[in-house]
Amino acid sequence: MDNDSEYLLLSTIKDLTGKRTDISQRDLARAINLSLGMTNVLLKRLSQKGLILIQKASSRTVSYILTPDGMNELGRRTYRYLKSTLKTVVLYKEQINSITRDAKSRGILRVGLLGKSDIDFIIEYAAHHNGLPFERYERPEHIPQDTFVFVSENMRDEQFKSSPSIAHIASIISGE
């Protein structure tokens, strides 16, 4: 958690100092959703690592500045985060494409998404890649029989019976 919190703090300092100079520890703590005490510990740690400068502007005001090493570290961590995210998206794409291809081979005529999903674009891609129309549904009763349905990760699994024509996105994401 500390590395993620450090990254969030570095990123927040960069973002907020670009907009204003009077940033308090309380502002930073709120922005990254951590306690004031933990934010203080992280600020000291980042300062000791040479990633930020903490300068007293007045008796009541402190300013936080990313050092060149801090900017480089933020760039490295951002790159690692993006690389990891892209790897995950590719993994989801392969799994969903395989599920969709299998559904088509069983005679399914369309792919649907029940509810809203953060990975709807992958499901839509897989449907079109496999030559199947893609449709979105808000309610289960609107889904035609010959449809393979991906159930949103925002919907409870127990609402839907297990079926060879249903895949729960939460299961795909969790790797179950």
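Counting every alpha-carbon pair across the range 2-66, the share separated by more than 17 Å comes to 30%.
I want the local charge near E138. Using Cβ-Cβ distances under 14 Å, sum +1 for each Lys or Arg and -1 for each Asp or Glu among the other residues. Kindly include the intermediate steps, with their values, before the conclusion.
Working: positive: K116, R136, R139; negative: D120, E135, E141.
Around E138, the surrounding residues sum to 0.
In the range 1-118, taking the dipole from charged Cβ atoms about the Cα centre, the farthest positive-side position among L28, S11, S58 is held by S11.
Report D for the chain in µm² per second (integer): Stokes-Einstein, Kirkwood Rh on Cα pairs, 37 °C, 0.692 mPa s.
On the way: Rh = 19.4 Å.
Estimated via Stokes-Einstein, D reaches 169 µm²/s.
Which pairs break 25 Å Cα to Cα here: K19/K87; K93/K116; K14/K83; K19/K56; K14/K49? Mind dumping the intermediate values first?
On the way: K19/K87 33 Å; K93/K116 17 Å; K14/K83 21 Å; K19/K56 19 Å; K14/K49 17 Å.
In this structure, K19/K87 lie more than 25 Å apart at Cα.
Compute the length gained on full extension between K56 and E138: take 0.36 nm times their separation in residues and subtract their Cα-Cα distance, giving the result in nm to one decimal.
That pair, K56 and E138, stretches by 24.1 nm at full extension.
Helical content of the chain, expressed as a calculated mean residue ellipticity at 222 nm, amounts to -17500 deg cm²/dmol (DSSP H runs of 4 or more residues, -39,500 (n - 2.57) each, divided by residue number, nearest 500). Computed across the range 87-174, the Kirkwood radius stands at 12.7 Å (inverse of mean 1/r, all Cα pairs). For the pair K44 and A170 in one chain, pulling the backbone fully straight at 0.36 nm per residue adds 41.5 nm over the alpha carbon distance.
The mean sequence distance of close C-alpha pairs (under 8 Å, at least 6 residues apart), as a share of the length of the range 2-66, puts its relative contact order at 36 percent. For the range 6-24, the residues whose amide N sits under 19 Å from a probe point set 7 Å from the Cα of T85 along the beta carbon direction are 6-16.
Any read-out appearing in this document is the output of simple, stated calculations on the displayed coordinates, not a laboratory observation. None of the values given here were measured: they were computed from a predicted structure. Note that each Cβ is placed from the backbone with ideal geometry, even for glycine, and that neighbours are counted across all protein chains shown.
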